[in-house]
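Quick notes on the structure that follows.
The values are calculated or read from the model by the stated rules, or taken from the named source; none is laboratory data. Quantities reported herein were computed from a predicted structural model and do not represent experimental measurements. We place every Cβ from the backbone using ideal geometry, glycine too, and count neighbours over all the protein chains shown. The area values use the complete protein model at the heavy-atom level, side chains included, leaving out ligands, DNA and RNA. Shrake-Rupley method; radii C 1.70, N 1.55, O 1.52, S 1.80 Å.
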Amino acid sequence: DTKWRSHPDPFTVPKAQWLNHPATVDLYCLGIVKVDGIRSLRDLRAEHIPMLHEMVCVGSATIMQVYGVPEDQLRIFVHYQPQFYHFHVHFTRLENEIGAQCERGHLLHDIIQNLSIASDYYAKRSICYKLNRKDKLYKLIADKMPLKEKDVGVQRLSPASKKARLSDDV
């Protein structure tokens, strides 16, 4: 992969050499919470707003200090459905659109605002998302759907529509 040949080796290059390095155009960092019990966007409540603000502030400041990328050049978002179920936040450069598609990426600033309006906003909200046909979740859902809908190839389901089609054992 040419990307890894063009980036400094993180194990041998001093941190100072990462500052303003050309490879930071591909910047993709994760902020992983230390709090147990927050698996995804759906578990967030208003009580988590201070933690989310801190993730924005500390994450952005660290990225500025290490890589020289200011906050106004960052996209800070959460995936739903997440790749793994321990709450985490993605920090990317605006130029890097990997993982930020509207069907999957939810901006952290929007999440904070929505939680300040209603503490259980994401517990109640229907969230549409895109699934790849090779995804295990897609297969689980498709196997429980009536044949007619399987033939159409439904790719986006809200929690309400999943609940109607899936049994509790899935």
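If you take every residue apart from V56 with its C-beta less than 15 Å away from the C-beta of V56, what net charge results, scoring Lys and Arg +1 and Asp and Glu -1? Around V56, the surrounding residues sum to -3. Rolling a 1.4 Å probe over the heavy atoms of the protein chains gives the range 26-135 an accessible area of 55 Å² per residue.
Just to confirm a number: summing +1 for Lys and Arg and -1 for Asp and Glu over residues other than T92 whose beta-carbon lies under 11 angstrom from that of T92, what do you get? Intermediate results must be reported in sequence, preceding the final value.
On the way: positive: R75, R93; negative: D26, E95, E97.
With Lys, Arg at +1 and Asp, Glu at -1, the neighbours total -1.
Taking the protein heavy atoms of the range 23-64 in the context of the full set of protein chains, the accessible area attributed to carbon and sulfur is 60 percent at 1.4 Å.
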